[in-house]
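Working notes, structure below.
We did not get these values from a lab; they are worked out from the coordinates using the rules stated. Not measured: the values here are computed from a predicted model. FYI the Cβ positions are ideal-geometry reconstructions off the backbone, even for glycines, and counts take in every protein chain you see.
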Amino acid sequence: MPNPSPTAPGEPRKLATLEGVLERITYANEENGYTVARVDTGRGAGDLLTVVGALLGAQVGESLRMEGRWGSHPQYGKQFHVENYTTVLPATVQGIRRYLGSGLVKGIGPVFADRITQHFGVDTLTIIEEEPKRLIEVPGLGPKRTKKIADAWEEQKAIKEVMLFLQTVEVSTSIAVRIYKKYGDASISVVKNQPYRLASDVWGIGFLTADRIARSVGIPHDSPDRVKAGLQYALSQATDQGHCYLPEEKLIADAVKLLQVDTGLVIECLAELAAEPAEGEDPGVVREKVPGPEGGDPVTAVYLVPFHRAEVALAAQVRRLLRTDEDRMPAFRDVDWDKALGWLKGRTGTDLAPEQEAAVKLALTEKVAVLTGGPGCGKSFTVRSVVELARARKAKVVLAAPTGRAAKRLAELTGAEASTVHRLLELRPGGDAAYDRDRPLDADLVVVDEASMLDLLLANKLVKAVAPGAHLLFVGDVDQLPSVGAGEVLRDLLADGGPVPAVRLTRVFRQAQQSGVVTNAHRINAGQHPVTDGMRDFFLFVEDDTEEAGRLTVDVAARRIPAKFGLDPRRDVQVLAPMHRGPAGAGTLNGLLQQAVTPGRPDLPEKRFGGRVFRVGDKVTQIRNNYEKGENGVFNGTVGVVTSLDPVDQRLTVLTDEDEEVPYDFDELDELAHAYAVTIHRSQGSEYPAVVIPVTTGAWMMLQRNLLYTAVTRAKRLVVLVGSRKAIGQAVRTVSAGRRCTALDHRLASARDPSPWDESPR
């Protein structure tokens with residue numbers, strides 16, 4: 001093994017070379033490829049050496065030739081700092097067996113690695129490379145597995161080539177895999193010649209990564225392609241923050257700051273993006289004058305094309321539904337309401353309150369209506385009443401919600417089948433829906449619960465699929481956080497002066513008044529401190545130190561609640577954090593909760609991916625919309641549990657809240673995050689028996705009234721706040737700053753002629 005070379009004082013140490021087999025990855029940063037690993041240098045006695053640095057794409061079991069410098073860590077001792085490496089195929093039967101048995105090649109585990117090397121000896125890798133069909137000679141290897149191994153070998157070689165090319169620009173392993181899967185053999189050519197395509201084509205690559213790649217391949221700082229990509233990135237960032245557009249002046253200012261180029265160049269490139277496109281092409285962006293947020297002076301709004309199309313089409317379709325003379329539930333135009341409501345009381349045993357009665361009549365007589373209100377005000381019972389009456393008159397009722405949990409709750413409430421909106425519309429790969437304006441849903445009444453979660457793009461797909469004459473009822477709490485995706489659809493539907501009739505339930509029923517959860521939700525929404533003394537279902541554990549509050553949160557969720565209330569810490573208890581980062585953020589808490597609830601065991605397989613470890617039993621959530629996965633796509637916020645993990649086939653399976661088993665290849669694990677703790681934003685539409693909410697001064701900038709209100713209203717039975725009274729006071733006092741940039745309310749109120757965008761597929 002090479003030793004550190006002596007150098008003169010002040011001189012950089014010379015590069016040394018080290019060869020060894022990568023035995024274990026201790027830590028890997030998926031963002032920049034920085035890795036801490038242990039390698040076997042062949043010294044025997046089981047001694048492993050620590051190597052750190054640029055090991056992007058290196059896999060356990062590979063033989064590596066590394067160049068770097070020797071160093072010493074005060075805690076961990078001697079280390080080799082890797083600056084670059086190449087993969088060296090092992091030359092001995094023992095090395096080949098260990099290489100193949102590491103799970104590196106999909107389809108080969110330790111058992112088949114042993115059989116293959118026994119059969120082919122030192123020629124094993126040559127056979128796989130040059131004559132893979134001969135693998136069928138090995139006992140137990142049929143044609144199907146043989147082909148799988150050959151394909152995996154070829155794909156791995158191609159991906160490795162892309163990874164090594166991308167190593168200099170610090171692109172993560174998973175991103176390199178995505179680039180290869182998107183472009184195949186053209187990957188390196190696209191990266192070299194059209195790097196900004198990556199930002200729009202490949203999930204996980206934003207403008208900043210594409211820009212770093214572009215810089216490394218020599219694309220000029222003031223290239224118009226760079227500026228246009230930067231403008232679209234700024235708009236994309238705005239949609240991630242919930243805006244449907246940006247005012248032109250703000251977009252230009254943001255782009256100048258991002259790109260560090262002249263304002264004039266940005267204005268020119270924006271004009272080109274918004275110019276009339278060539279036939280058959282879409283414009284890059286759409287510019288349009290709209291009223292300013294909060295009714296201010298008109299602004300020039302700049303939209304990404306899909307969001308403009310969706311906003312215009314959604315408004316037009318809502319107006320079209322409202323205006324049609326068709327009615328698929330004509331029986332309710334002249335129904336005897338006294339008789340109908342009397343019959344309903346006989347079914348449910350309960351009278352409707354006046355507000356609820358008004359909402360029921362509205363839903364059954366108006367083509368589009370909204371029902372809103374806080375917890376304990378009877379929204380659920382009102383929905384059940386609407387469904388009972390509609391079904392009594394043989395109406396076809398379709399029930400949907402944005403999440404699997406919300407759909408299950410709606411089904412339990414009404415006794416009728418309910419599904420997620422995505423499954424209802426049968427979304428297909430690419431995002432197109434099986435049901436749309438040309439093939440509408442066969443439904444007389446469509447009820448959508450948790451409508452505050454509906455973002456602009458999904459709401460447009462849904463409303464487009466409602467048949468003329470059918471009734472559409474949106475149900476949700478407008479005081480909760482708006483959707484994770486762009487838009488404020490429920491709030492815009494309820495806007496003053498708009499055409500959509502609505503009822504807001506305000507009376508808290510007596511039974512609900514006995515609940516500390518309901519009482520405190522309304523107190524928080526009214527700007528008052530929650531009451532915690534003497535409550536049986538609402539508690540506060542005071543801890544001013546943020547780090548200690550994080551540890552206490554874990555103790556409460558994993559041990560104290562299960563011990564006192566008999567609740568399952570994985571299934572029944574959910575930690576909801578105001579933010580992802582920090583000692584009491586969802587990221588840190590997930591690691592601590594996983595240790596407490598699903599600790600590692602030597603006899604169970606696990607998969608380390610970046611800084612996370614996945615195990616069977618882990619509670620996980622999908623963090624992007626993926627229309628290619630599952631029966632009808634898997635969507636941002638879908639929660640499930642890992643039910644199996646196969647190191648040989650390099651795949652794990654998640655059972656989602658919709659009872660669908662969804663497989664994930666190991667290179668897709670950047671789509672999953674642990675969900676023992678989630679941010680409050682990600683909890684929308686879900687309901688849990690118990691929630692634990694760390695409210696600390698470490699999350700000061702995030703503490704707002706609707707955030708805390710949303711978190712509290714996620715609980716069915718129990719809320720525990722952990723943190724400081726000062727932080728809770730900040731959350732209760734702070735009203736969310738400003739509206740999102742949307743023009744849906746303006747378009748709904750407008751009586752203009754339909755736009756040419758109305759018929760767009762989005």
Averaging sequence separations of C-alpha pairs under 8 Å and six or more residues apart, then dividing by the length of region 558-655, give the relative contact order as a whole percent. 16
What percent does the relative contact order of the chain come to when contacts are Cα pairs within less than 8 Å and at least six residues apart? 11
To the nearest 20 debye, what charge dipole does the chain have about its Cα centre, counting +1 at the Cβ of each Lys and Arg and -1 at the Cβ of each Asp and Glu? 1880
Rounded tilt (10° steps) of 337-348 against the dominant C-alpha axis of the chain: 50
Loop only per DSSP, at most 10 neighbouring Cβ atoms within 10 Å: give me the trypsin sites (Lys or Arg not before Pro) in region 296-335, ordered by residue number. R333
Roughly how many whole Å is it from the C-alpha centroid of region 549-602 to that of region 238-256? 37
Taking θ = phi - 60°, what integer Hz values does the Karplus form 6.51 cos²θ - 1.76 cosθ + 1.60 yield along region 394-400, in sequence order, with x for Gly and Pro? 6, 6, 7, 10, 10, 10, 8
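Is the shape of region 546-616 best called rounded, prolate or oblate, per the rule: a/c under 1.5 gives rounded, else a/b larger than b/c gives prolate, else oblate, with a ≥ b ≥ c the square roots of the Cα gyration tensor eigenvalues? Numbers along the way, then the final one.
Numbers: a/c = 2.19, a/b = 1.17, b/c = 1.88.
Verdict is oblate for region 546-616.
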Relative contact order of region 83-201 (C-alpha contacts under 8 Å, at least 6 apart) in percent is 16
For region 505-544 and region 469-487, what is the separation of their Cα centres, given in Å? 24
Could you please state, rounded to a whole Å, how far the C-alpha centre of region 46-100 is from the C-alpha centre of region 337-372? 70
Using θ = phi - 60° and the Karplus relation 6.51 cos²θ - 1.76 cosθ + 1.60, list the HN-Hα couplings for region 299-310 in order, rounded to whole Hz, with x at every Gly or Pro. 10, 8, 8, 10, 10, 6, 4, x, 6, 5, 4, 5
Just grab the label-to-label distance for D646 and Y76, each label 7 Å out from Cα along the Cβ direction, in nm (one decimal). 3.4
Sites Q514 and A596, calculated FRET efficiency, Cβ-Cβ separation with R0 35 Å, nearest 0.05: 0.60
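Which of the three applies to region 245-377, rounded, prolate or oblate, going by the alpha-carbon gyration tensor with a ≥ b ≥ c and a/c under 1.5 meaning rounded?
Working: a/c = 4.51, a/b = 2.62, b/c = 1.72.
Prolate shape, in that a/c is at least 1.5 and a/b is the bigger ratio.
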So what J values fall out for region 461-473 if you push phi through Karplus, 6.51 cos²θ - 1.76 cosθ + 1.60 with θ = phi - 60°, rounded to Hz, Gly and Pro as x? 4, 5, 5, 4, 8, 7, 6, x, x, 6, 9, 10, 10
Does region 84-200 come out rounded, prolate or oblate by the C-alpha gyration tensor, with a ≥ b ≥ c the root eigenvalues, rounded set by a/c under 1.5 and, if not, prolate when a/b is larger than b/c and oblate if not? prolate
Which order do peptides 440-451, 72-83 fall in by mean Cβ count within 10 Å, highest first? 440-451, 72-83
Dipole check, the chain, charges on Cβ (K,R +1; D,E -1), about Cα centroid: among P330, H221, L413 the Cα furthest to the positive pole belongs to L413
Which order do the peptides 248-259, 698-709, 181-192, 379-390 come out in when sorted by mean C-beta neighbours inside 10 angstrom, highest first? 379-390, 698-709, 248-259, 181-192
Packing-based order for 599-608, 132-141, using average beta carbon neighbours within 10 Å, highest first: 132-141, 599-608
Between A91 and R65, with labels modelled 7 Å along Cα→Cβ, what's the label distance in nm to one decimal, could you check? 1.0
Low-density loop GluC sites (Glu not before Pro), region 258-342, at most 13 other Cβ within 10 Å, DSSP non-H/G/I/E/B, are E279, E281, E326
Simple Cβ-charge dipole of region 47-195, Lys/Arg +1 and Asp/Glu -1, about Cα centre, in debye nearest 20: 420
